[in-house]
Structure formats: C-alpha cells, structure tokens
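To keep things clear, I will list the structure first and then write my remarks on it.
The values are calculated or read from the model by the stated rules, or taken from the named source; none is laboratory data. Bear in mind that the values here come from a model prediction, so they are computed numbers and not experimental data. Neighbour counts run over all protein chains shown; Cβ positions are idealised from the backbone, glycine included. We work out accessible area using only protein heavy atoms, side chains counted, and drop any ligands, DNA or RNA first. Shrake-Rupley method; radii C 1.70, N 1.55, O 1.52, S 1.80 Å.
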Amino acid sequence: MKINEQYAKLPGNYLFSEIARRVAAYSAEHPDVKPIRLGIGDVTRPLVPAVVEAMRKAVSEMGRLETFHGYGPEQGYEFLRNAIAEHDFRARGTDISPDEIFISDGAKSDCGNIGDLFSIENKIAVCDPVYPVYVDANAIDGRTGDYLQASGKWSDVIYLPLTAENDFVPELPASHADLIYLCSPNNPTGTALTRKQLSVWVEYANQHGAVILFDAAYEAYITEPEVPHSIYEIPGARECAIEFRSFSKTAGFTGTRCAFTVVPKTLIRQGQSLHAMWNRRHTTKFNGVSYITQRGAEAVYSQAGQKQIRADIAYYQNNARMIREGLKQAGFSVYGGVNSPYIWFHAPMDSWKFFDLLLQKAHVVTTPGAGFGSRGRNYMRVTAFGEANDIEEAVRRITVM
C-alpha cells in the first residue's frame, strides 16, 4: 500500500483551519472576550420564509408513502434545473438548457472535483491571490509540481498577478495554459471583470484549446451593468468554459448545501464531450442533493423568494458599503465591496501579523491575504457577511486602533 504523496507537499494547514485554530487559542486565553468574526465568508441571515415553507412542505411529502422520494437523479431534479435555466440564464438572454446543469452540494466541491476530467499533464493558470481550493485540489491530483517554500508558489503553476497596479485584472499568460481558473466577482479581492476584460480570456481559450473554469459564486452581488453575471454572456464561451454557481451566498445555503455546475454540450476537447464526461463522473461518484434541499432551492426562484433573497443581499451590500467607506476614511487603501461581499485592503505590515494584531487589540477576526497567495501578503480580506451592528462596531474598532 502506498499513500498519495501529494498530500505531503501541501503547505501547512488549510487557510481557514489555521484561522480557526488561532481564534480558538485566543478565546481560550480570553474567555470573556467575544471577537467579531469578519473572516470566513459565512452568512448570518436565516433562510428566507419562501425557502423554509418549501422545505417544510417537502419534509411532509417525505413522510407520506405516496409522496416519498428515495434516490433522485444524480444530475438534479428537473424542477430545479428548469428553474435555474429559466431565471439565471434564459432571462438574461443566455442559451443554457436544463440538461447542461448539474446540481451539487457546493461550488467548492465542484471546483475541487472538476480536475477528474483532465490529465495531470495539463498546465494550470491561477490568479495570485487566489481562492486556495483551486491550487490545493490540483496539487492533490499532481498537477502543480513542487511547493517552493521561499516564494510560496508551486513550480508548475502559471501565476497571474492581481495587483493594485493592474486594477486586479489578470493579464494573459506569457506561456501556454491548458486550464484557467477565473473567479468574478473575485474572491478574495472583491473586484470583478467587465465583459470586455472577460472576452479577452474567452478568445484566448478558444485560440489555445484551453478550458476556463469560471467561479461565479458571487454573481448575485453584481451592481454594475458592464460586469457579466455569467461567462456565457460572452460569445464563444460555450465552447471553452465551465461555470460554477452556488446558493450559499445568494440564498444563505452555507449550512444547507446546494450549488450547480454548468457544462455546455458544445464544449469538446480531443473529440470528447466534457458534458458527457462530467455526467459520467457525477453518476459514478455522487448520489445527488436531497429532495428537501432542492425544493428549497427551487423556491428561491419564486416571486416571493426573489423578493426575500434580494432583501438579504441588499443587507450584506450595505454592510460592504459601511466597511469600504469606514476603512477608506481611516486611511487604508481599499478595493472591492461594490460587486462583491468582500473588501480587500492594504495592511501596514505582514498580513498574518496584522491578523494577530486585529484579533488581540480590536477583537476582530479577518482573513490574512497571505493565505491566498504571495501577492496577498500585505493585504487583508474582510467579509460583509454579518449583522449590521457587529459590522459597524468592528469597523469602529479597526479605525481607532
């Protein structure tokens, strides 16, 4: 028996596990202090009434012989896939059919599992800073080479710098990339790509035979018209892109677990349909999301559901405004928070040191940018997911330090 030695190459703890460890240690030393948590992007508003009512009804159905549901379709129930296709795509003029949509338990899971479709010989390109799962999942698969401790980079990965100097817009790689991870609105920087900026990547992918893995988990927070909600709004994207979406930050499903991935039937590589391959992978390794959860997700698209979730999203957007304006007034260089629930700001020192300082002096939990890559070392990420009173107090504490 031999283990997967790629795990030994992973650097230290997973980012959010390390944050949890430090916060737990601090709380043990200061049991009377309750830190305000603006680190992990977990929602705080409860499920909206339309979703709760739909799930109650579904639970009742599961308790009756004539309406009980056992295993459902691995790809997801048609009622949910139809609702997604109609509201998230067709209503925006995007041609995505229900059978190109695969329901799952989370965008994070799918971003990690999508590597099953691709050879380990493929060259990946990721932004720096980047959501850790993109790189870690490829490292586990053996697609990243060795971890270089001194630089905090993987030897076989193409890094696309996101900096204030380039407005956090990734530039095309100098060398060929096979798999390109893009996230817009971006986690962690909170910035977003315009149609023109995203079109450059779609053109590159089609010219090079590459595949774009597009994380759109935060599209519900987009406010500016020039920012597309889906990569499929860009001509040619159906031939080169896979898109990941989630109900977690849209409808408060972080603890309920429901998401979906779109794989167009027109996405072909080496004569093979990636849609058919993902379907085969899905049916082999996944037994589907529960009927109760999918009925709750369907209710998100009802008239009442849309009104209720938009109110919650507006609540978090106002939190983002408070954070952004408060940090700016305190003299920090601040980015994001307009099309995203995340705010990215420049720290006066190494981000882990500033994390500890904010925890100890302001009793506020943030996320150190170093956890997202070498170009995040002097930045912090703050989430707008929280209660408004806590957000206001946290900003006050940071600004008076």
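Can you work out the FRET efficiency for the pair Lys34 and Asn378, with r the C-beta to C-beta distance and R0 = 30 Å, to the nearest 0.05?
Details: r = 28 Å, r/R0 = 0.95.
Efficiency for this residue pair is about 0.60.
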Taking r as the C-beta separation of Leu10 and Thr283 and R0 as 51 Å, the FRET efficiency to the nearest 0.05 is 0.95
How do Tyr342, Tyr71 rank by accessible surface area computed with a 1.4 Å probe, from largest to smallest?
-> Tyr71, Tyr342
Along the stretch 265-270, Karplus-curve 3J(HN,Hα) (6.51, -1.76, 1.60; θ = phi - 60°) to the nearest Hz, with x for Gly and Pro, reads 5, 7, 8, 10, 9, 6
For Ile309, the accessible surface traced by a 1.4 Å probe with all protein chains present amounts, in square angstrom to the nearest 10, to 10 Å²
Local electrostatic count, Thr250, Cβ distance below 12 Å [Lys/Arg +1, Asp/Glu -1] = +1
Sequence-distant residues sharing a close amide H with Tyr379 (under 5 Å, placed H) = Ala347, Ser351, Gly369, Ala370
Pick from Arg381, Arg90, Arg321: which residue has the top mean-square fluctuation in a GNM of the chain where Cα pairs under 10 Å get a spring?
-> Arg90
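With the Cα gyration tensor of the stretch 81-238 giving a ≥ b ≥ c as the square roots of its eigenvalues, does the rule (a/c under 1.5 for rounded; else a/b larger than b/c for prolate; else oblate) give rounded, prolate or oblate? Numbers along the way, then the final one.
Details: a/c = 1.73, a/b = 1.39, b/c = 1.24.
In terms of gyration-tensor shape, prolate.
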Listed residues Thr266, Ala8, Met349: farthest to the positive end of the dipole of the chain (Cβ charges) = Met349
Accessible surface of the chain, 1.4 Å probe, proportion on carbon and sulfur as whole % | 50 percent
Accessible-area value, His363, 1.4 Å probe, nucleic acids and ligands omitted, Å² = 50 Å²
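Give me the percent of DSSP beta bridges within the chain that run antiparallel, rounded to the nearest 5.
Details: 22 of 39 bridges.
Antiparallel bridges make up about 55 percent of those DSSP assigns within the chain.
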Would you pull out the residues with amide H under 5 Å of Trp154's amide H, same chain only if 5 or more places away, H placed 1.01 Å from N?
-> Leu148
Cut-off 13 Å (backbone N to label point 7 Å along Cα→Cβ of Asp95), residues of the stretch 255-277 = 265-267
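For the chain, what does the relative contact order come out to in percent, with C-alpha contacts under 8 Å and a separation of six or more? Kindly include the intermediate steps, with their values, before the conclusion.
Values: 770 pairs, mean separation 94.2, N = 401.
With pairs under 8 Å counted, the relative contact order is 23 percent.
Keeping every protein chain present and rolling a 1.4 Å probe, give me the accessible area per residue for the stretch 298-401 in Å². Walk me through the numbers on the way to the answer.
On the way: 4230 Å² over 104 residues.
Here the residues of the stretch 298-401 average 41 Å² of exposed surface.
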Using Cα pairs under 8 angstrom and six or more residues apart, how large is the relative contact order of the stretch 315-395, in percent?
-> 33 percent
What is the sum of charges around Lys285, taking Lys and Arg as +1, Asp and Glu as -1, for the other residues whose C-beta is under 10 Å from the C-beta of Lys285?
-> 0
For Ala330, what charge total do you get from the other residues with a beta carbon under 12 Å from its beta carbon, if Lys and Arg give +1 and Asp and Glu give -1?
-> +3
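Which whole-number percent gives the relative contact order of the stretch 98-188, counting Cα pairs below 8 Å spaced six or more residues apart? If you can, show how the numbers build up before the last one.
Values: 110 pairs, mean separation 29.2, N = 91.
In percent, rounded to a whole number, it is 32.
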Between the stretch 91-113 and the stretch 44-58, what's the alpha-carbon centroid distance in Å?
-> 22 Å
For Phe253, residues with placed amide H under 5 Å, excluding near neighbours | Ser248
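Accessible area per residue for the stretch 59-138 in Å², computed with a 1.4 Å probe and the full protein assembly in place, what is it? Don't jump to the answer; show the numbers that get you there.
On the way: 3490 Å² over 80 residues.
That works out to 44 Å² per residue.
Suppose every K and R has +1 on its Cβ and every D and E has -1 on its Cβ; what is the size of the dipole of the chain about the Cα centre, in Debye to the nearest 20?
540 debye
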Using the Cα gyration tensor of the chain, the equivalent ellipsoid's semi-axes, largest first and to the nearest Å, work out to 32, 28, 21
Please calculate the 1.4 Å probe accessible area of Asp105, with all protein chains present, and give it to the nearest 10 Å².
-> 60 Å²
Mean-position separation - Cα centroids, the stretch 21-40 and the stretch 126-149, in angstrom = 29 Å
